[in-house]
Structure formats: C-alpha cells, structure tokens
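For reference, the structure is listed below as structure tokens.
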Amino acid sequence: MERQTQQQDRSSSGRQQGNNNNNNNNNNGGRRRRDRFEGPKRDAILKLENYLNTDIIVTLSGGREVVGKLTGYDQLMNIVLEDTVERLRDVKDRTRLTDNRRNLGRVIIRGPLLLTISPKDGFEVISNPFTTEESEETAI
C-alpha cells in the first residue's frame, strides 16, 4: 500500500514538473525572450506636414504618376490623396506622358510604392547652407 502511494506521489510530482516546463516552453516556442534594443526615433526625411492640403505629384513604382491633394499620412509614408487624377502614359512609348487623364477620387497609397513626391506648384529655391560665398564663386 505504501509503495502505491509513493509511486503515485512520484508520478504526480513528475507531471507537475512536466507541466511547468511545458508552460515555460509554450510561451515563447521554447526560446528565451530577448529584449530588443530600440534606438532613438528618427525623423522623417520628408516633412509631409508642409504639404498637407496642397496638390502634389506622386510617382509610383511601376511608372504610374498621380496628382492629388494630400489630406493625410502616417509614419510609414502611407498617404491619402483627394481628387486624384492619374496621368496616363503613351501606349507605344511608356516614357512619355499623354494628355489623357483618369479620375481616381480618394486614393490611399502605401509607402513602399512611392518613388517621388513633389509639389505641383514647384519647389522653392534656397541657398546651399553647406558652402560659403567664396566656394560658390570658385565653383562657378
């Protein structure tokens, strides 16, 4: 009788230990969780807040070009354009844009598809902050 109770005690304690081990392994697939070092947050290269509610030209991977009013964006450079119009390319020569247009309305464009973003009205010309007047004269 004592043997049976000892065997039951051993088997039940083994089950408990096994359950504890399984619980530890199931949480992270049997691997230890390592805390990742997260560096300082980086600012975006392009400040899209300057272009909110203005018309911009967007070139997408694959060669499409659209024009629309920027109404929203996020940190992944996903953008929302209103009153969007696609400029269609020539069928025979894909490098040339035609006068044909296609109205798209509201469009959400994923950040990885963006190649270029530029204001429709053009850019503001600023002086180069990294050169001095003397170096500009010698360069010209």
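With the checklist (1) in a strand (DSSP E or B); (2) under 23 Å from the mean Cα position of the chain (by Cα) in hand, flag the one item Met77 doesn't pass.
(1)
Quick check on the stretch 70-83: of everything there that is within 17 Å of Leu115 (Cα to Cα) and surrounded by 11 or more Cβ atoms within 10 Å (Cβ to Cβ), which residue is modelled with the lowest pLDDT?
From the stretch 70-83, those within 17 Å of Leu115 (Cα to Cα) are 70, 73-81; that's our starting set.
The next check asks that each one be surrounded by 11 or more Cβ atoms within 10 Å (Cβ to Cβ); those that pass are 70, 73, 77-81.
Values: Leu70: 96, Tyr73: 93, Met77: 89, Asn78: 93, Ile79: 95, Val80: 97, Leu81: 96.
Across the stretch 70-83, the extreme among qualifying residues is Met77.
Tell me, please, whether a residue that is at negative phi, within 16 Å of the chain's Cα centre (by Cα) and part of a loop (DSSP other than H, G, I, E, B) can be found in the stretch 86-99. Talk me through it step by step, then tell me what you get.
At the first step, the residues of the stretch 86-99 found to be at negative phi are 86-99.
From the residues that got through so far, the ones that are within 16 Å of the chain's Cα centre (by Cα) too are none.
So far as the stretch 86-99 goes, no, none of its residues is at negative phi, within 16 Å of the chain's Cα centre (by Cα) and part of a loop (DSSP other than H, G, I, E, B).
Collect the residues in the stretch 37-63 that are part of a loop (DSSP other than H, G, I, E, B), surrounded by 10 or more Cβ atoms within 10 Å (Cβ to Cβ) and at pLDDT below 90, keeping them in residue-number order.
Applying the first criterion (part of a loop (DSSP other than H, G, I, E, B)) to the stretch 37-63 yields 37-47, 52-54, 61-63.
When the remaining residues are screened for being surrounded by 10 or more Cβ atoms within 10 Å (Cβ to Cβ), the result is 44, 46, 52, 54, 63.
Residues satisfying the conditions are Ala44, Leu46, Gly63.
Among what's in the stretch 105-130 and is surrounded by 14 or more Cβ atoms within 10 Å (Cβ to Cβ) and aliphatic (A, V, I, L, M), pick the residue that is farthest from the chain's Cα centre (by Cα).
Val107
Say we look at the stretch 107-127 and pick out the residues that are part of a helix (DSSP H, G or I) and of a type outside the set (Gly, Ala, Ser); which of these is nearest to Thr84 (Cα to Cα)?
Keep residues of the stretch 107-127 that are part of a helix (DSSP H, G or I), which gives 111-113.
Adding the requirement that they be of a type outside the set (Gly, Ala, Ser) leaves 112-113.
Working: Pro112: 19, Leu113: 16 Å.
Here the residue is Leu113.
The values are calculated or read from the model by the stated rules, or taken from the named source; none is laboratory data. Owing to the predicted nature of the structure, the values given are computational and were not obtained by experimental measurement. We place every Cβ from the backbone using ideal geometry, glycine too, and count neighbours over all the protein chains shown.
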